[in-house]
Each structure stands twice: as structure tokens, then as C-alpha cells.
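Colleague: I'd like to ask you about the structure that follows.
The values are calculated or read from the model by the stated rules, or taken from the named source; none is laboratory data. All of these numbers come straight from a predicted model, not from anything done at the bench. Here the Cβ is made from the backbone with ideal geometry for all residues, glycine too, and neighbour counts use every protein chain on show. Calculation scope for accessible area: heavy atoms of the full protein, side chains included, ligands and nucleic acids excluded. Shrake-Rupley method; radii C 1.70, N 1.55, O 1.52, S 1.80 Å.
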Amino acid sequence: MLVVHHLNNSRSQRVLWLLEELGVPYEVKRYERDPKTMLAPPELLSVHPLGKSPVIVDSGVTLAESGAIIEYLVGKYGNGA
């Protein structure tokens, strides 16, 4: 199953919206920023070496950067839409 690594106050909202529009099943792993520094938690570093979000993992493919993720999702699941 496709996994979205979601960090609060990030661009991952657009990825979640697209997945809903395409009807793709997915799981969300949520992370919270440090309230003082607003940095991502160390757990996100195990997914992406810079601790960036959004990140998706789909069938062994790991992608970061919302634009690249959207292109990937539309290409794989969009059926020409």
C-alpha cells in the first residue's frame, strides 16, 4: 500500500487531496514539527535524509517533493485524467 509521510504545516496536503481525487488507497504516517524550532522530528530522517515532507513510498519507490510526487501519481494512477 502507498504510504504518505505527512508533516504538519507542509505541502503534503496537496498529495493527500490528489490521492482522494484519484481514489487511490493509502496510509498516512503523521509527524509533528518541534513547536519551538518548527523542524521535522528525527523519525522523519529515517524516511528522507533531509527530513523533508511530503514523502511517499509506493511499491519500493520513495519520492520526495510534492511536484514530483504529483507527476508520479497522475502518471501511475491517473488513467489519462
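Colleague: Among all residue pairs at least 6 apart or on different chains, which show Cβ distances below 7 Å where the first residue, located in the stretch 36-49, is without any contact (Cβ under 8 Å) to a residue 40 or more places away in the chain and the second is of a type outside the set (Val, Ile, Thr) and open to solvent by 90 Å² or more (accessible area, probe 1.4 Å)?
Modeller: Pro41/Glu32
Colleague: When residues of the stretch 13-60 are filtered for being open to solvent by less than 70 Å² (accessible area, probe 1.4 Å) and not basic (Lys, Arg), how many remain?
Modeller: Initially, the stretch 13-60 is screened for residues open to solvent by less than 70 Å² (accessible area, probe 1.4 Å), giving 15-16, 18-19, 22-24, 26, 28, 31, 33-34, 40-41, 44, 47-48, 51, 53-58.
Next cut, not basic (Lys, Arg) only: 15-16, 18-19, 22-24, 26, 28, 31, 34, 40-41, 44, 47-48, 51, 53-58.
Count: 23.
Colleague: So, in the stretch 1-12, exactly how many residues are open to solvent by 30 Å² or more (accessible area, probe 1.4 Å) and over 14 Å from Ala64 (Cβ atoms)?
Modeller: 3
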